[in-house]
Structures are given as structure tokens and as C-alpha cells.
Amino acid sequence: MNKPTGMAAYIAVTAAYWAFMLSDGALRMLVLLHFHTLGFSPVQLAYLFLLYEIAGIITNLSAGWIAARFGLSSTLYAGLALQILALIALLQLSPDWTIWASVAYVMFAQGLSGVAKDLSKMSAKSAVKLLAPKTEGGLFRWVAILTGSKNAVKGLGFFVGAVALGTFGFHAVIQGMAIFLGVILLVLILRMPAGLPTGRKDVKFKDVLSKNTNVNWLSLARVFLFGARDVWFVVGIPIYFYAFLSDGSTEGNRNAFFLIGGFMAIWIILYGLVQGNAHRILRATMRGSSALIQDAARWAWILLIIPICLSVFLYMRPDATTLNATVVVTGLLVFGAIFAINSSLHSYLILEFSTGSRVTLDVGFYYMANASGRLLGTLLSGISYQLGGVIACLSIAAFMLALSAFAAGRLKSS
């Protein structure tokens, strides 16, 4: 495969992934804020995203095998198509349904979206391993660019979703996103460049489970890293800010949506920008894989400091004040930057540990662990916020980060 062919395929995959993640970020804010205004409790809001994460676990376990057997293009097309179906399903939601009927239906639609997200993610990340240049640092550089830009685009989706909800309403925005993704899918099918593998018919489903110790420890570290983020990110912080910002009026809700969406967007975009430059921050081309493996545990311990400091600060100052909100925003932005370095290290290491013949299988297994962490964090986000507010969310995040650092510390250089 020549370099231009590989680059063209990489660009096509990345563009499709950007389009998907823009819709994914927007949909997350649309669902969260729309149903919060309809009176859903924090736990009910968490339920809306549970099947999304459960679907991610199942999808990642099987998506690596599907891609290895049928090719990466097929899983990328399937991801976009399923997201369109999920959006169409949400358009059928009726305001006359009971809350629990609405919860069950939205859980189903979000489950489809979860399958779609992880098919697209596994396809894009696996393509990097296969298409990246073999020069020193080339893999980390391409991984960083893909993951960083993806998260910047998803952050923009958070902002667009929140603002569009207040401006156009739930159904109009959902309809617009479905049309947008339909156009992207059609263009991709007609113009996909050559360069992606077409699959091998001899791959067995049992091959999904990794026998590589480093892959297994890294996957465990990933579970708790993303659990530590989502335990405050999914429900806790948006609802905490909504209670602080909204006065219950239509104009107050619109302003709250704008500010919450703005914060979530800035957080994800910052996360993406740092991810995109993580190979420079860590001097990856100069230090080699052995040093980067050791960095995985070191940066997890550094990240642990942030939620500990924030939870202690809020415990000492429990009143809802502007100072509290400012400290929380600042602390979580710092968390996002350090989290991005951790996440980027993981994304590089899973590809470093995997071989070309097993890359889709190992990446699928690893992102199954990622989805497991998000599921755990999503469930605990609603429960912990309802029981102990944002302090409980941050305290559980700190505990999870300690577990992530321990697992990362078990990684060994080859």
C-alpha cells in the first residue's frame, strides 16, 4: 500500500468519524437537557444513557471480530447507518407517554446510538494502526491527531446541541442531524478510497479475548479512568450547574442551556487539543515506548489530585456561590487537560501492544473496557449525585483514579 493511498483512506475515515462525533456530542446534550426540563430525576437521566454504554460493551466485544472478518469499511458504514436509525427513532417519541415509557424508549434509541458510536470508533482507531507511517513516533502522532480532533469536534457538538435545543427545539434538531449524517454516509459509500483491509474469513470469535497481559492491564486501567470522568461528567456536573444557573423561566432555561453547553464544549475541546498535542508534551519521538509505558501510571496519580482537592474544597464551602462555581470550572478544566494526556497515552499503548493481525480484536476488547468504565461512571453519576451531590461524584472519581493508576503500574516493557 503506498503512502498517498493510506493518507486518503485515513482522511476519509477521520472525516466520517468527525461527522459522527459532532452528532454524538449534540445528541448527548439534547437528551440530557431536554429530559431534565421535563422533570426527570438524576437517576432517571442516568438510566437514559445506561443502554448506550451496555451496547458499547457488547459492540466492542464483537466489533473487532466483525471488522477482522468483514473489513473496516463495513463497520464504519454500519456505525453511521445505526446512528441515523437512532435519530429517526427519537423523532417518534410522544409527549403523551408516561415518564417510564419515555425512559424505556429513549434507552432503546440510545442503545442503538451506543452500538453506532463504538462501531465507528473501533473502525477509526484500528485504521490508524494499519495506515500510520512506520517512522519513529508516526503512530503516536497519528493517534494523537485523530483522538484530539475527534474530541474537539465532539465538544463543538455539546455546544451546538445545547444552543440548538434552546433555539429550534428537540425534534427539529434531531431531524437536521439525521439528514446531515445521511448525506455523509452516501458520500462515503460512493467515494471511499482504497487502503482499508477487506477482512479474513478464518477469524474465530474466541480470538476476541486477549492473551496479552499488557492489553488486559491497560484495559482495566481504562475502565477506571473513564469511570472516573463519567461519574461527574454525565449527570452530576450538568445538573449542578443547571441548579446554579436557571431560575426556572423559559429565558432562564435558555441561558442555562447556553452556559452548560458552553462549559461542556470548552472542556471537551480543551481535552481534544491537549490530546492532539500529547505526543509533543510527552516528547514521544525522543523517549521511546518503555518510558511512555511508565508514564501511564505516573499521569494517573497526578490526575487523582484534582478531584480530591475539589471535593475537599466543596466540603469546606457547601454553599452555592460564584466562587464555588469558578473553582469547580477551573479545577475541571485542569482535570480535562491532565485526563487528555492519560487518555492519549492509553490510545497509543493499545496500538503499540497489538499486532497488525490482531489490531481490530485488541482495539475492540480495549474499547469494551472503555465502555464498561463509562457504564459504571454513568450509573454512579446519577446515584451519587442524588445521594451526596457533586462532592460524592468527585470523591468516587478519586477512588476510581487510584484503581486506574494501580492497574497502569502493572504494565511492563517488552
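Yes or no, residue by residue, for (1) at pLDDT 90 or above; (2) under 14 Å from the mean Cα position of the chain (by Cα); (3) not in a helix (DSSP H, G or I):
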residue: Val153; (1), (2), (3): no, yes, no
residue: Phe158; (1), (2), (3): no, yes, no
residue: Gly166; (1), (2), (3): no, no, no
residue: Ala178; (1), (2), (3): yes, no, no
residue: Gly182; (1), (2), (3): yes, no, no
residue: Leu196; (1), (2), (3): no, no, yes
residue: Ala221; (1), (2), (3): yes, no, no
residue: Phe224; (1), (2), (3): yes, yes, no
residue: Arg229; (1), (2), (3): yes, yes, no
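Identify, from the list Thr285, Thr330, the residue that is touching a His at 6+ places or on another chain (Cβ under 9 Å) and part of a helix (DSSP H, G or I).
It is Thr285.
Of all the residues that make up segment 70-92, how many are at pLDDT 90 or above and either on the phi > 0 side of the Ramachandran plot or touching a strand residue (DSSP E or B) at 6+ places or on another chain (Cβ under 9 Å) (or both)?
Residues meeting the conditions: 0.
Residue-by-condition table, conditions (1) among the basic types (Lys, Arg); (2) more than 22 Å from Thr147 (Cβ to Cβ); (3) modelled with pLDDT of 85 or more:
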position	(1), (2), (3)
Ile260	no, yes, yes
Ala284	no, no, no
Arg287	yes, no, no
Ala291	no, no, yes
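Is it true that some residue in segment 307-327 is within 18 Å of Lys154 (Cβ to Cβ), at pLDDT below 95 and polar (S, T, N, Q)? Give the derivation first.
The initial filter retains those residues of segment 307-327 that are within 18 Å of Lys154 (Cβ to Cβ), namely none.
Looking for residues that are within 18 Å of Lys154 (Cβ to Cβ), at pLDDT below 95 and polar (S, T, N, Q), one finds none in segment 307-327, hence no.
What do you reckon, is Ser381 more than 15 Å from Leu218 (Cα to Cα), in contact with a helix residue (DSSP H, G or I) (Cβ under 6 Å, 6 or more places away or on another chain) and either in contact (Cβ under 8 Å) with a residue 40 or more places away in the chain or in a helix (DSSP H, G or I) (or both)?
Spelling it out, Ser381 is indeed more than 15 Å from Leu218 (Cα to Cα), in contact with a helix residue (DSSP H, G or I) (Cβ under 6 Å, 6 or more places away or on another chain) and either in contact (Cβ under 8 Å) with a residue 40 or more places away in the chain or in a helix (DSSP H, G or I) (or both).
With respect to Gly6, determine if the residue is modelled with pLDDT under 80, surrounded by 19 or more Cβ atoms within 10 Å (Cβ to Cβ) and of a type outside the set (S, T, N, Q). Spell out the reasoning first.
Details: modelled with pLDDT under 80: yes; surrounded by 19 or more Cβ atoms within 10 Å (Cβ to Cβ): yes; of a type outside the set (S, T, N, Q): yes.
It is true that Gly6 is modelled with pLDDT under 80, surrounded by 19 or more Cβ atoms within 10 Å (Cβ to Cβ) and of a type outside the set (S, T, N, Q).
Within the group Asp96, Asp118, which residue is modelled with pLDDT under 85 and assigned to a loop (DSSP other than H, G, I, E, B)?
One residue alone meets the criteria, Asp96.
Of all residues in segment 242-264, which are without any contact (Cβ under 8 Å) to a residue 24 or more places away in the chain and surrounded by fewer than 14 Cβ atoms within 10 Å (Cβ to Cβ)?
Asp247, Gly248, Ser249, Thr250, Glu251, Gly252
Tell me the residue from Phe335, Phe365 that is out of contact with any Gly (no Cβ under 9 Å at 6 or more places or on another chain), touching a residue at least 24 places away in the same chain (Cβ under 8 Å) and not in a loop (DSSP other than H, G, I, E, B), please.
Every option except Phe335 fails the conditions.
The values are calculated or read from the model by the stated rules, or taken from the named source; none is laboratory data. Here the structure is a predicted model, which is why all the values come from computation and not from measurement. When we count neighbours, we look across all protein chains shown, and the Cβ atoms used for this are built from the backbone with ideal geometry, even at glycine.
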